[in-house]
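Chemist: Below is one structure. I have some questions about it.
The values are calculated or read from the model by the stated rules, or taken from the named source; none is laboratory data. As the structure is a computational prediction, the values presented were derived from the model and not from experiment. Note: ideal-geometry Cβ built from the backbone for every residue, glycine included; neighbour counts use all protein chains shown.
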Amino acid sequence: MDLRDILLIVHFIGLLTTGAAILTMPVLVATARGTLDEHRATIGKATKSVVMIGRIGLTLLLVTGVIMATINGYWSIGGWFYVKLGLIVLLAVTTSVADSGAEKVGAGDSAKADQAKMFGYVNILVVAFIILSAVMTFH
């Protein structure tokens with residue numbers, strides 16, 4: 001096992017961690033909206049934990065992705081690779097917006113909860129397109 005294999009394994013761990021956080025977030029936000037105030041704070045704490053896990057996973061994806069692209073010379077591939085990079089930037093932005101709203105779920109901010117839920121669903125689509133573009137790039 002060489003450095004590329006290790007980086008790829010860490011990259012997939014980041015993908016799984018980020019994907020799990022992105023899939024979990026809309027469920028937590030929707031659950032928080034229908035609960036009593038005393039339970040909403042507990043869900044808010046869980047939401048903050050999921051946000052942190054998602055950020056760690058996204059950081060792993062970004063760092064290992066840049067290192068692998070540099071080592072393997074992927075920066076000049078073009079086409080689907082650049083689509084994938086654009087989608088990753090979009091994911092970073094939409095995740096930040098969703099996370100900022102999700103962190104206020106415990107306080108009962110319904111407008112921010114709606115925003116977090118909507119961006120959570122957008123993030124699911126963005127991740128699906130990132131995976132599709134990665135398959136198209138490296139098939």
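Chemist: Do the conditions hold for Arg40, that is, is it modelled with pLDDT under 90, among the basic types (Lys, Arg), touching a helix residue (DSSP H, G or I) at 6+ places or on another chain (Cβ under 7 Å) and surrounded by fewer than 18 Cβ atoms within 10 Å (Cβ to Cβ)? Can you show your working first?
Modeler: On the way: modelled with pLDDT under 90: yes; among the basic types (Lys, Arg): yes; touching a helix residue (DSSP H, G or I) at 6+ places or on another chain (Cβ under 7 Å): yes; surrounded by fewer than 18 Cβ atoms within 10 Å (Cβ to Cβ): no.
No, not satisfied.
Chemist: Would you say Arg33 is closer than 15 Å to Asp99 by Cβ, out of contact with any His (no Cβ under 9 Å at 6 or more places or on another chain) and among the charged types (D, E, K, R)?
Modeler: Values: closer than 15 Å to Asp99 by Cβ: no; out of contact with any His (no Cβ under 9 Å at 6 or more places or on another chain): yes; among the charged types (D, E, K, R): yes.
Here the answer is no, as Arg33 does not meet what is asked.
Chemist: Within segment 71-81, identify whether any single residue is among the small types (Gly, Ala, Ser) and surrounded by 15 or more Cβ atoms within 10 Å (Cβ to Cβ), and answer yes or no.
Modeler: Of the residues in segment 71-81, the ones among the small types (Gly, Ala, Ser) are 73, 76, 78-79.
Okay, now just the ones that are also surrounded by 15 or more Cβ atoms within 10 Å (Cβ to Cβ), so none.
No.
Chemist: Answer yes or no: is there a residue in segment 60-69 that is exposed (fewer than 15 other Cβ atoms within 10 Å of the Cβ) and modelled with pLDDT of 85 or more.
Modeler: Pass one, segment 60-69, residues exposed (fewer than 15 other Cβ atoms within 10 Å of the Cβ): 63, 66.
When the remaining residues are screened for being modelled with pLDDT of 85 or more, the result is 63, 66.
Yes - at least one qualifying residue is present in segment 60-69.
Chemist: If you don't mind, there's one more thing I want to ask. Since Gly65 meets every condition but one in (1) out of contact with any helix residue (DSSP H, G or I) (no Cβ under 8 Å at 6 or more places or on another chain); (2) closer than 19 Å to Ile13 by Cα; (3) not hydrophobic (A, V, I, L, M, F, W, C), which condition does it not meet?
Modeler: (1)
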